[in-house]
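The values are calculated or read from the model by the stated rules, or taken from the named source; none is laboratory data. From a predicted model like this one, the values you see are computed outputs, not experimental measurements. Note that we place each Cβ from the backbone using ideal geometry, even for glycine, and neighbour counts take in every protein chain shown. To get the accessible areas, we keep the full protein, side chains included, count just its heavy atoms, and leave off ligands, DNA and RNA. Shrake-Rupley method; radii C 1.70, N 1.55, O 1.52, S 1.80 Å.
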2 protein chains.
Amino acid sequence: MITVEEAQARVVATFKPIDTELEDLTHLSGRTAAEDIRAAADNPPMPISTVDGYAVRRADGETTRKIVGRAAPGHPYRGSVGNGEAVRIVIGGVLPEGADAIVFHEEASDESGDLHFSNAAVHPEHIRPAGLDFKAGSVLVPAGKRITARDMALLAAGGVAQAKVRRRPRVAIASVGDELSAPGDQRRPGDIYAATGYGLSAMIASWGGAPCDFGILEDNAQEIATIADADADLVVALGGNSVGNTDLIARALGSTDFSMETWKVAYRPGRPLLFGQLGGTPMLGFPGNPASALVCALLFIRPSLDVMLGTQQSTCSLPQRFKCGCHAMSARLTTELPATDERKTYVRARLAMQGGEVWAEPYPVLEYPMLSVLAKADALVVLPPNAPAAKAGDMVEIIPLDGY
Amino acid sequence: MITVEEAQARVVATFKPIDTELEDLTHLSGRTAAEDIRAAADNPPMPISTVDGYAVRRADGETTRKIVGRAAPGHPYRGSVGNGEAVRIVIGGVLPEGADAIVFHEEASDESGDLHFSNAAVHPEHIRPAGLDFKAGSVLVPAGKRITARDMALLAAGGVAQAKVRRRPRVAIASVGDELSAPGDQRRPGDIYAATGYGLSAMIASWGGAPCDFGILEDNAQEIATIADADADLVVALGGNSVGNTDLIARALGSTDFSMETWKVAYRPGRPLLFGQLGGTPMLGFPGNPASALVCALLFIRPSLDVMLGTQQSTCSLPQRFKCGCHAMSARLTTELPATDERKTYVRARLAMQGGEVWAEPYPVLEYPMLSVLAKADALVVLPPNAPAAKAGDMVEIIPLDGY
């Protein structure tokens, strides 16, 4: 039996960051930056007035100036502001050359082209200097960051029209089992609907991968052999008697460049984990129970995608940073939980905020295999192996399930 | 001046749940259920053995049985198990008729078709009864829930091949301003890149809407008039001198069925909010500063989309439930914040978990207009109007920005 961490480390070690592609700005949302994305230009590009008023030279002591022009967004004043001169400026207008202060519109009077104001009305602080937000060449999105909606606006403001991102890792999903029917099909007595693939595809997409569903394969060598045709960065085989049955799979894929191991991993819920290499492509085999398989996906597919996407590890350090993009955080238990054996245990729970703290209320352990309970849960409570019974109020590690 | 809540209420009141469409299961992820989605069948469909062993009748006192057949996933035993009989059963196999208990494989011996075991090895608890996870007709996804990856697996397990969801609300976005250039274009001196639309499109998509970017419009009646062509459920005009300039917009759109109000909303950062009706379609006008506009989107577009999608209000009650899908939660301040005036104030902050509590570390108020700061922030700290100065350690309401 190996620990979850050891199994994760072995799986993750077989992946490396995958190839990159240049994408147009409009397609960058949700993609992962393959290199630091830098601003093409200062923002703002020139000093900008943040108020309505008049641009003047501060050193010019006079309180009467001649209005020589106008500056509005998109319509800069082309000349220079000299002593005794002022330029009417609208919010967002570029500060004309020569000017270094703004007189508030409300604190000045314009009498047939002559501006009158008191010196107190000179406000250099209402000029937003060029590059205040960021300078050309500064990093807007660091390598390994998944680009958010706010990053999209930031990249646009920096004049970034294209950027290099990681290709979406392709994950082929095969559901193996003679007992499986597709939802909507007439099923034979006792058959169950293939469910895991639908959940897994959506999870993989939400984690930045490109799922490709192979559909249902029967539990025999001939059907399983078709997995070898997958053009993917990772192959996932779900359920079936044969998944974990090394002999059958080896026979099915034996003619290809294939190797496989079956690991007993010290966690629950969970069955043996299959890990192989299929013509150079890593392959994972998960248990047939959808609720168990989706927890396996969280533990083994998500970190593998992170490696392929070159995701910054700083965004998912456990458990300090609170981020839904992060793999874990902590919470207090509402009730006691029994001691664990040698297996790390993932308990489904609801979360609630109370007095600024996050509280986790576990579902009964007997409800493990139930998909209806997994769908309702907000988080997994993580209990370490060989841990004593946990008391109500104890702080525990949790993995939030928000977003998938 | 009206309060944020009053402005939100007025905006939201103009929307109602939009039309529905029937979608195939593979396209349901991220969509919002328009009605309760119910299971087409029990899960499991029949009683299932959760262990390897032999299916027997419990009432039959004998400890020796004749093995009459085999039941494996996809290969049920067609007959009935009588007294003195046993059926070899594989994990996931359907319990044959007549049987009501499982004898563990490890606790029995099979001698040329005769099964020997002790009575203690009879385990009725290892039978998962039909419908244990859910029964046919039970609600798998309630109306108004956004369908998660886990829900996808649940729906598939329930044999749901299609479901009725809300159409994605179409949001047309027009960026108005003579000073705007598109990222990648050669820009005129002093021009800035149109940025808000890129961020807003990604936000709207993440909230379940279908953004449609109109691009950049010049700040004149002729260009602004093209907004009237938008085939949308909501029109958003961004920035420009004229946005908020009722006269110009009224002139531009006057030939159409158009009405508009400009509201001074008591919040910062924020400028006047424009709210109109354009041929029956609600229209919002946001300030030109991208950082302010994106906060406006959170405050006014998100709840509008929620109404159109019929999103369950229970998933976003403030601030009890901790959910990233939720609009708010609470945290403790790491430092003091000044008293507020009559305006509700949204302060950007970083979040960190410490001792099970969420802590918010505000960015300096002067950094408000900066998109680079908004992009880095984890949350907005919400300070009510006319609030005294907040001390370090005080509990405050926050709006997490995770996911967009």
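Quick one: which of B:E111, B:E85 is out of contact with any Asp or Glu (no Cβ under 6 Å at 6 or more places or on another chain) and open to solvent by 70 Å² or more (accessible area, probe 1.4 Å)? Explain how you work it out, then say what you get.
On the way: B:E85 fails: open to solvent by 70 Å² or more (accessible area, probe 1.4 Å).
Within the list B:E111, B:E85, the selection yields B:E111.
Looking at B:L305, B:L309, which is the one that is in contact with a Ser or Thr (Cβ under 6 Å, 6 or more places away or on another chain), among the aliphatic types (A, V, I, L, M) and modelled with pLDDT of 80 or more? Reasoning before the result, please.
On the way: B:L305 fails: in contact with a Ser or Thr (Cβ under 6 Å, 6 or more places away or on another chain).
Matching residue, one of B:L305, B:L309: B:L309.
Residues of the range B:78-93 being touching a strand residue (DSSP E or B) at 6+ places or on another chain (Cβ under 6 Å) and either more than 11 Å from B:S49 (Cβ to Cβ) or assigned to a strand (DSSP E or B) (or both), which ones?
Residues satisfying the conditions are B:S80, B:V81, B:G84, B:E85, B:A86, B:V87, B:R88, B:I89.
Would the range A:262-282 turn up any residue that is buried (at least 21 other Cβ atoms within 10 Å of the Cβ) and within 26 Å of B:R146 (Cβ to Cβ)?
For the range A:262-282, residues buried (at least 21 other Cβ atoms within 10 Å of the Cβ) and within 26 Å of B:R146 (Cβ to Cβ): absent.
Kindly list, by first and then second residue, each pair from a residue in the range B:119-134 that is closer than 23 Å to B:A40 by Cβ to a residue that is part of a strand (DSSP E or B), limited to pairs with Cβ atoms under 6 Å and residues at least 6 apart or on different chains.
Within 6 Å, the pairs are B:R128/B:I48; B:D133/B:N43; B:F134/B:N43.
Mind checking which residues of the range A:362-390 are in a loop (DSSP other than H, G, I, E, B) and either out of contact with any Asp or Glu (no Cβ under 7 Å at 6 or more places or on another chain) or within 14 Å of chain B (Cβ to nearest Cβ) (or both)?
First, pick out the residues of the range A:362-390 that are in a loop (DSSP other than H, G, I, E, B): A:363-364, A:368-370, A:377-378, A:384-389.
The answer is A:Y363, A:P364, A:Y368, A:P369, A:M370, A:A377, A:D378, A:P384, A:A387, A:P388.
With over 30 Å from A:A34 (Cα atoms) and buried (at least 19 other Cβ atoms within 10 Å of the Cβ) as the only criterion, which of A:A99, A:A156 stands out?
Working: A:A156 fails: over 30 Å from A:A34 (Cα atoms).
Exactly one residue qualifies, and that residue is A:A99.
Among residues belonging to the range A:345-361 that are within 9 Å of chain B (Cβ to nearest Cβ) and hydrophobic (A, V, I, L, M, F, W, C), point out the one that is most open to solvent (accessible area, probe 1.4 Å). Steps first, please.
Here is the first cut: in the range A:345-361, the ones within 9 Å of chain B (Cβ to nearest Cβ) are A:351-359.
Retained after the next criterion (residues that are hydrophobic (A, V, I, L, M, F, W, C)): A:351-353, A:358-359.
Numbers: A:L351: 2, A:A352: 41, A:M353: 18, A:V358: 0, A:W359: 62 Å².
Per the criteria, the residue is A:W359.
If I ask for residues that are within 11 Å of another protein chain (Cβ to nearest Cβ) and either open to solvent by 70 Å² or more (accessible area, probe 1.4 Å) or among the polar types (S, T, N, Q) (or both), which ones from the range B:28-39 would you list?
Correct list: B:S29 only.
In the range B:354-372, which residues are closer than 18 Å to B:T334 by Cα, over 25 Å from the mean Cα position of the chain (by Cα) and at pLDDT 85 or above?
B:E361, B:P362, B:Y363
Go through (1) open to solvent by 10 Å² or more (accessible area, probe 1.4 Å); (2) among the small types (G, A, S); (3) at the interface with chain B (Cβ under 8 Å from one of its Cβ atoms) for A:A195 and report which single condition fails.
Tallying (1) open to solvent by 10 Å² or more (accessible area, probe 1.4 Å); (2) among the small types (G, A, S); (3) at the interface with chain B (Cβ under 8 Å from one of its Cβ atoms), A:A195 fails exactly one: (1).
If I ask for residues that are of a type in the set (D, E) and more than 24 Å from B:L140 (Cα to Cα), which ones from the range B:34-81 would you list?
Our first condition is that a residue be of a type in the set (D, E); within the range B:34-81, this holds for B:35-36, B:42, B:52, B:60, B:62.
Within the range B:34-81, B:D52, B:D60, B:E62 qualify.
Can B:R70 be described as part of a strand (DSSP E or B), more than 11 Å from chain A (Cβ to nearest Cβ) and either of a type outside the set (G, A, S) or open to solvent by 50 Å² or more (accessible area, probe 1.4 Å) (or both)? Explain how you work it out, then say what you get.
On the way: part of a strand (DSSP E or B): yes; more than 11 Å from chain A (Cβ to nearest Cβ): yes; either of a type outside the set (G, A, S) or open to solvent by 50 Å² or more (accessible area, probe 1.4 Å) (or both): yes.
When the stated conditions are applied, B:R70 passes them.
Which pairs do you get when a residue that is under 17 Å from A:L299 (Cβ atoms), found in the range A:323-337, comes within reach of a residue that is β-branched (V, I, T) and at pLDDT below 50, reach meaning Cβ atoms under 8 angstrom, with the pair 6+ apart or on two chains?
What qualifies is A:G325/A:T315; A:C326/A:T315.
Of the conditions (1) buried (at least 21 other Cβ atoms within 10 Å of the Cβ); (2) touching a residue at least 40 places away in the same chain (Cβ under 8 Å), B:R150 clears all except one; give me its number.
It fails just one condition, (2).
When you go through (1) in a strand (DSSP E or B); (2) over 30 Å from A:D402 (Cα atoms) one by one for B:A163, which number turns out not to apply?
(2)
Checking B:Q222 against (1) farther than 22 Å from B:D19 by Cβ; (2) under 22 Å from the mean Cα position of the chain (by Cα); (3) more than 10 Å from chain A (Cβ to nearest Cβ), which test does it fail?
Checking B:Q222 against (1) farther than 22 Å from B:D19 by Cβ; (2) under 22 Å from the mean Cα position of the chain (by Cα); (3) more than 10 Å from chain A (Cβ to nearest Cβ), the one that fails is (2).
Can you tell me which of B:P183, B:P142 is more than 24 Å from B:T32 (Cβ to Cβ) and within 12 Å of chain A (Cβ to nearest Cβ)? Before the answer, list the steps.
Numbers: B:P142 fails: more than 24 Å from B:T32 (Cβ to Cβ).
One residue alone meets the criteria, B:P183.
Taking the range B:146-177 as the search range and keeping residues that are at pLDDT below 95 and at the interface with chain A (Cβ under 7 Å from one of its Cβ atoms), which one is farthest from B:G209 (Cα to Cα)?
Of everything passing the filter in the range B:146-177, B:G177 is farthest from B:G209 (Cα to Cα).
Considering only the range B:114-129, I want to know if a residue exists there that is crowded, with 19+ Cβ neighbours inside 10 Å and either under 33 Å from the mean Cα position of the chain (by Cα) or at pLDDT 95 or above (or both).
yes
Among (1) more than 8 Å from every other protein chain (Cβ to nearest Cβ); (2) in contact with an Asp or Glu (Cβ under 8 Å, 6 or more places away or on another chain), which single condition is A:I216 missing?
With (1) more than 8 Å from every other protein chain (Cβ to nearest Cβ); (2) in contact with an Asp or Glu (Cβ under 8 Å, 6 or more places away or on another chain) applied to A:I216, the lone miss is (2).
If a residue must be of a type in the set (K, R) and modelled with pLDDT under 90, how many such residues does the range A:23-64 contain?
Residues in the range A:23-64 being of a type in the set (K, R) and modelled with pLDDT under 90: 1 in total.
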